[in-house]
Amino acid sequence: MFKIIHYRDKCIGCYACVEIAPDRWRISKKDGRCTLVGSKIKKGIYQVDAFDEELEENKRAAASCPVNIIKINGK
């Protein structure tokens with residue numbers, strides 16, 4: 001397993017993560033920002049433990065984020 005960390009308050013809503021890893025990312029209808037599916041918020045930072053099968057697509061999602069607010073920890 002690995003951890004995905006998302007600094008959502010800095011999201012600009014480009015949706016690159018949603019296109020690359022749609023099982024883990026969604027577009028919020030409330031504010032147009034991306035949401036990390038299954039995450040819990042801790043001190044304003046969204047985090048989720050994800051399965052190894054999701055690693056490569058979420059690495060690509062993190063790399064495609066123009067504001068670098070997606071981090072992958074543990075792998």
Nitroxide proxy distance, nm - points 7 Å out along Cα→Cβ at PHE51 and ASP23: 0.6 nm
Give the angle, between 0 and 90 degrees and rounded to the nearest 10, that separates the Cα long axis of helix 55-64 from the longest principal axis of the Cα atoms of the chain. 40 degrees
Reduced to Cα centres, the span from the stretch 6-29 to the stretch 34-75 in Å works out to 9 Å
Can you give me the accessible area per residue for the chain, using a 1.4 Å probe, in Å²? 63 Å²
Taking the chain, the whole-percent share of alpha-carbon pairs separated by over 21 angstrom is 13 percent
Do the sum for the chain: with -39,500 (n - 2.57) for every DSSP H run of n ≥ 4, divided by all residues, what is the mean residue ellipticity at 222 nm, to the nearest 500 deg cm²/dmol? -5000 deg cm²/dmol
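The values are calculated or read from the model by the stated rules, or taken from the named source; none is laboratory data. Note that the structure is predicted; figures quoted are calculated from it, not measured. No Cβ is skipped: glycine too gets one built from the backbone with ideal geometry, and neighbour counts run over all protein chains shown. Each accessible area value is taken on the protein alone, full model and side chains, heavy atoms only, with ligands, DNA and RNA left out. Shrake-Rupley method; radii C 1.70, N 1.55, O 1.52, S 1.80 Å.
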